[in-house]
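Written out below as structure tokens is the structure these notes cover.
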Amino acid sequence: MTSLYNNIIFGPIRSRRLGLSLGVNLLPIESKLCSFDCIYCECGWNADHPGKRRFNAREDVYKMLDETLEKMVGEGTPPDVITFAGNGEPTMHPDFENIIDDTIALRDKHCPNAKVSVLSNATQIHREDVRRALLRVDNNILKLDSAFDETVQLVNKPQGAYTVARTVELLKAFNGEFILQTMFLRGEYLGKLVDNTTEEEVAAWLRLVEEMRPKRVMVYSLDRDTPCETLEKVEKEELQRIAERVAALGIECSVA
Ligand code: SF4
């Protein structure tokens, strides 16, 4: 079963890779809101969430984050990272830039060693305010799952105009100040074969990685339940081999 985050602040979750991570959800609490509708989305299909399309107010995010950070620091367990993720795409929030500035100020006030991370599908990076905000956070993590439009249409199901070429141009404009995140998976969807691990896919994706030169790449595969139930996880060893090919380009790559 897929599931939603039921609050503005979620976690903290401890992971070996990130340490103690506190999540921030700018999207509706009772439904999903995203500019993609990925077949692997752990929040489920967009159509399953016809609920209110209301973003959480900047003031509420500020108040809850302020209180939570104060409490965590008071208990001697400050977060290692504050991560923007949740029920959809955080950069769709109209006040995203101001919320990032609030978060950086709260981080500096309560726990200056914590990092601020944003997990985004990169559909809003044409907006100057989103670009500016992403350049201010510690970990600007942006998604690109394939070098081919056809695959992106099948796997990510963009809800508006989207092309890989345009996204790559916008990603290049970050001048390496971003972390590229790619989901590798196989399976079947709508009677079509889904597989972004073929040699053709991986080779084309690597060419784009080389062209964009992100400061780091993160590759991963399925972890939780997915709305499309005919998908298959790519094993760690195979992800490791892809990571080695990224490393051969002189770019650090981690397998999640
Ligand atoms: S971009 Fe993220 S939140 Fe949006 S549909 Fe894909 S996995 Fe779900």
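The values are calculated or read from the model by the stated rules, or taken from the named source; none is laboratory data. Quick caveat: nothing in here was measured; it's all calculated off a predicted structure. FYI the Cβ positions are ideal-geometry reconstructions off the backbone, even for glycines, and counts take in every protein chain you see.
Condition (residue is out of contact with any Lys or Arg (no Cβ under 6 Å at 6 or more places or on another chain), among the small types (G, A, S) and over 18 Å from R17 (Cβ atoms)) applied to region 236-247: is it met by at least one residue? For region 236-247, residues out of contact with any Lys or Arg (no Cβ under 6 Å at 6 or more places or on another chain), among the small types (G, A, S) and over 18 Å from R17 (Cβ atoms): absent.
Taken together, the residues in region 111-134 that are within 17 Å of the chain's Cα centre (by Cα) and either within 21 Å of L18 (Cβ to Cβ) or at pLDDT below 95 (or both) amount to 10. Look at region 169-188: where a residue is under 13 Å from V209 (Cβ atoms) and more than 16 Å from the ligand (Cβ to nearest atom) and a partner is modelled with pLDDT of 95 or more and not hydroxyl-bearing (S, T, Y), sitting 6+ places away or on another chain with Cβ atoms under 9 Å, you get K172/E211; K172/M212; K172/R213; G176/M212; G176/R213; G176/P214; G176/K215.
The single condition among (1) modelled with pLDDT under 95; (2) under 20 Å from the mean Cα position of the chain (by Cα); (3) among the hydroxyl-bearing types (S, T, Y) that Y220 does not satisfy is (1). All of D108, D102, D60, D138 fail the test of being modelled with pLDDT of 95 or more and touching a Phe, Trp or Tyr at 6+ places or on another chain (Cβ under 7 Å), apart from D102.
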